[in-house]
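Step one of this worksheet: look at the structure below.
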Amino acid sequence: MNLDLANINAELGLNAPGLVDWAVGLGRPTIVTTNFRPFEAVILHMVTRVRPQVPVVWMDNGYNTEATYRFADEVTKLLKLDLHIYLPRRSRAHREAMDGPTPALDDPRHATFTEEVKLEPFARALRETAPQVWFTALRATDTAVRAQMDAVSVNPDGLIKVAPLLHWSSKDLYQYCETHGLPNNFDYVDPTKGEDNRECGLHLAH
């Protein structure tokens with residue numbers, strides 16, 4: 001499938017609902033990934049309004065806050081999400097019994113930790129759901145890597161990655177939540193990133 005990425009990004013890159021309509025309109029197997037961080041209800045609401053039964057993929061690393069788990073349940077019920085949860089092969093208790101607490105970011109073992117709790121479950125999710133279109137809530141303000149991305153890109157394996165909210169500010173996201181009566185979650189921690197502006201690996205490895 002040949003996509004005119006330059007034209008699509010020029011025409012729709014700043015039009016989040018239009019981008020969702022376009023991508024869903026391709027009629028291809030589609031997923032949305034989420035980590036239930038702040039403002040995640042926006043992408044989930046925006047996509048499920050157009051395709052209600054789209055598979056929503058969550059790589060639950062086992063290290064989320066209680067608030068994040070409550071938020072995940074609340075949003076899943078509110079939007080009637082078709083939620084697919086992918087867990088690491090080992091539980092957090094098993095991993096910590098064998099390897100100790102989460103390795104620091106500068107610890108050589110941190111890459112292996114990220115692979116185990118995030119990248120391997122994501123690779124498994126891709127194998128099992130076999131999408132051709134992937135919606136993600138990544139934003140240009142998240143990391144330097146993401147600031148260089150386009151709203152629509154194609155991975156080497158042909159997977160079409162769509163980031164409708166790439167150019168949205170936190171204020172834009174907040175106003176969308178207010179307008180649509182969506183809950184939010186600000187008590188969120190990602191053990192694979194540490195700092196908020198550190199790249200998590202999903203958008204580098206794939």
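Nothing in this text is a laboratory measurement; each read-out follows from the coordinates by a stated rule. If you're wondering where the values come from, they're calculated on a predicted model, not measured in any experiment. Virtual Cβ from ideal backbone geometry, glycine too; neighbours counted across all protein chains shown.
Give me the distance in nm between label points sitting 7 Å out from Cα along the Cα-to-Cβ direction at Asp106 and Ala67, one decimal.
2.9
Between segment 32-92 and segment 127-187, how far is it from one alpha carbon centroid to the other, in angstrom?
When both Cα centres are located, 14 Å separates them.
Pull up all non-local amide H partners of Val154: gap of 5 or more, or a different chain, and H-to-H distance under 5 Å with H placed in the peptide plane.
Lys161
How large is ³J(HN,Hα) for each residue in segment 187-193, as worked out from phi by the Karplus curve 6.51 cos²θ - 1.76 cosθ + 1.60 (θ = phi - 60°), to whole Hz, x for Gly and Pro?
9, 10, 9, 10, x, 8, 10
Just to check I understand the Karplus step: with θ = phi - 60° and J = 6.51 cos²θ - 1.76 cosθ + 1.60, what whole-Hz values come out for segment 73-88, glycine and proline as x?
Values, residue by residue: 5, 5, 5, 4, 5, 4, 9, 6, 6, 8, 7, 10, 9, 10, 9, x Hz.
List the residues, sorted by chain then number, that are 5 or more residues from Asp82 or on another chain and whose placed amide H is less than 5 Å from its amide H.
Here Val56 satisfy the definition.
In the chain, what is the volume of the convex hull around the alpha carbon atoms, normalised per residue and reported in Å³?
Output value, Cα hull per residue: 119 Å³.
Between the helical axis of 16-25 and the dominant principal axis of the chain, each derived from Cα atoms, what acute angle in degrees is found, rounded to the nearest 10?
90
Of Leu166, Leu126, Leu26, which has the largest mean-square fluctuation in a 10 Å C-alpha GNM of the chain?
Among Leu166, Leu126, Leu26, the largest mean-square fluctuation in the Gaussian network model of the chain belongs to Leu26.
For segment 88-157, what is the charge dipole size about the Cα centre, in debye to the nearest 20, if Lys and Arg each add +1 at the Cβ and Asp and Glu each add -1 at the Cβ?
Value, rounded to 20: 220 debye.
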